[in-house]
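Reading through the structure tokens given below for one structure.
The values are calculated or read from the model by the stated rules, or taken from the named source; none is laboratory data. Values in this document were obtained by computation on a predicted structure and should not be read as measured data. Using ideal geometry, Cβ is built from the backbone for each residue, glycine included, and neighbour counts are taken over all protein chains shown.
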Amino acid sequence: MMLLQTLLLFGTQALAYIRPAPHPDSHITRSGSELQLNGKRWTSSGANVYWLGLDENVIPPAGEPFYAPLNASYPTKGRITEVMTTLNVMGARTIRSQTMGVSVGNPLSLMPELGKVNEKAFESMDWTVYQAKKFGLRIFAPLTDNYDYYHGGKFQFLRWRGIDIKSTGTLDPKVQEFYNNRTIIDDFKNYIKILLMHRNPLTNLTYAEDPTIFAYETGNELGGPTFGDKNVSAAWTKEIIEYIKELAPTKLAVDGTYGINESHLNISSVDIFSDHLYPVNIEKLSKGVAAVGSVDRVYFAAEYGWTPPVNLTDFFTWIENQQNKTKPIVSGDHFWSLFMHNVPDCSTFVDHNDGLALQYGNPKNPAHYIAQISKIRQHLFKMQGQVVQAESPPAPCPGE
């Protein structure tokens, strides 16, 4: 009721964009280099919202779950709901979220200790899936992380098996044990099984069954001892993707290597290859798309930096023009990254320390940020085949 009242306060202009997408119970499929929904081309542009399962940016009220050493807490339901309303107003179709797949190694994680499951961690994840479906959004999530952040990743799996190495700079070659050590691979697969077999009480579907989660990614920006080396075992990638599809035959699979690893192009079970663009670079983008197109798969620009003076116009135009081709190859792009209010406080925006937090509708946004956000919104609607004006309507804050 409160959400409806809030929507009404913003008038019919905002309400015009708060509508679910068609066929929420149908799975996204792939036909060659094209994603499809019920046999028709489906594009996949949207946002990274990495904190939906577990956050690091808000200190919760006293008594709420909080792990101070890593500043970890669960986002409120109101924050999650507001993100869905905002993305709907912005014209997004998809959300990429690390913590909807990666959650290991601290007391609030899905797996705080090897083999131990923290059911509490599923609550924010379940609410995210439930709300995304209501607002016609789809989710894809990496299953591990190349880095040693608060939500965990490959270094945690290594530590659990006695390989405790530094996680910055040029790494100890033993980091490759994550891809090569049978015990660690099986630990990771067990984690994947726990995640995908979880039944969401709000939907009565397992994550493996739910079409709202349309894809899983082997990891976030995966590599080897040297940053950007793409040194990820093809055998490991094939095994993990085939395991995802064994558990969840309707899911699409994304190669989570940081960049297009050409030695992975012949892995037939990979549906989507992706790259991250900091800054946006059309030459790099076009080369990646050409490589992926050569094996008739789909390409995602899964992350890009959006803040000025980045030239988004040429970047968006290039991607939009591909949609006019018989084989588009590049299905979409996802800006990094969305933050909104500290709900239930609808007056304070949450910030993040990387300088790339997009706060839609923040009255403190400078003019050049507002212009850039408007371009993103117009592009997201254009990827759905719709043209909208530069003026951005408000996104309601649910206040609860």
Where a residue in region 164-191 is touching a residue at least 40 places away in the same chain (Cβ under 8 Å) and over 19 Å from M111 (Cβ atoms) and its partner, wherever it lies, is aliphatic (A, V, I, L, M) and part of a loop (DSSP other than H, G, I, E, B), with Cβ under 6 Å and at least six apart: D172/I165
Number of positions in region 233-257 that are surrounded by fewer than 24 Cβ atoms within 10 Å (Cβ to Cβ) and either in a loop (DSSP other than H, G, I, E, B) or among the acidic types (D, E) (or both): 7
Where a residue in region 68-93 is without any contact (Cβ under 8 Å) to a residue 60 or more places away in the chain and its partner, wherever it lies, is buried (at least 20 other Cβ atoms within 10 Å of the Cβ) and aromatic (F, W, Y), with Cβ under 8 Å and at least six apart: P75/W51; I80/W127; M84/F135
Set G293, G332, G355: member being more than 23 Å from R138 (Cα to Cα), in contact with a Ser or Thr (Cβ under 9 Å, 6 or more places away or on another chain), surrounded by 17 or more Cβ atoms within 10 Å (Cβ to Cβ) and in contact (Cβ under 8 Å) with a residue 12 or more places away in the chain: G293
Verdict on D314 being surrounded by fewer than 23 Cβ atoms within 10 Å (Cβ to Cβ) and under 20 Å from the mean Cα position of the chain (by Cα): no
Which numbered condition A141 fails, given (1) of a type in the set (A, V, I, L, M); (2) in a loop (DSSP other than H, G, I, E, B); (3) in contact (Cβ under 8 Å) with a residue 24 or more places away in the chain: (2)
Matching residues, region 258-282, being among the hydroxyl-bearing types (S, T, Y), within 28 Å of S26 (Cα to Cα) and under 19 Å from the mean Cα position of the chain (by Cα): S274
Residue match in region 348-363 (condition: touching a strand residue (DSSP E or B) at 6+ places or on another chain (Cβ under 7 Å), small (G, A, S) and at pLDDT 95 or above): no
Matching residues in region 258-282 - criterion: being hydroxyl-bearing (S, T, Y) and either in a loop (DSSP other than H, G, I, E, B) or touching a Pro at 6+ places or on another chain (Cβ under 6 Å) (or both): Y258, S268, S269, Y278
1 or more residues within 30 Å of T29 (Cβ to Cβ): qualifying strands (runs of 3 or more DSSP E) within region 283-400: 298-305, 330-336
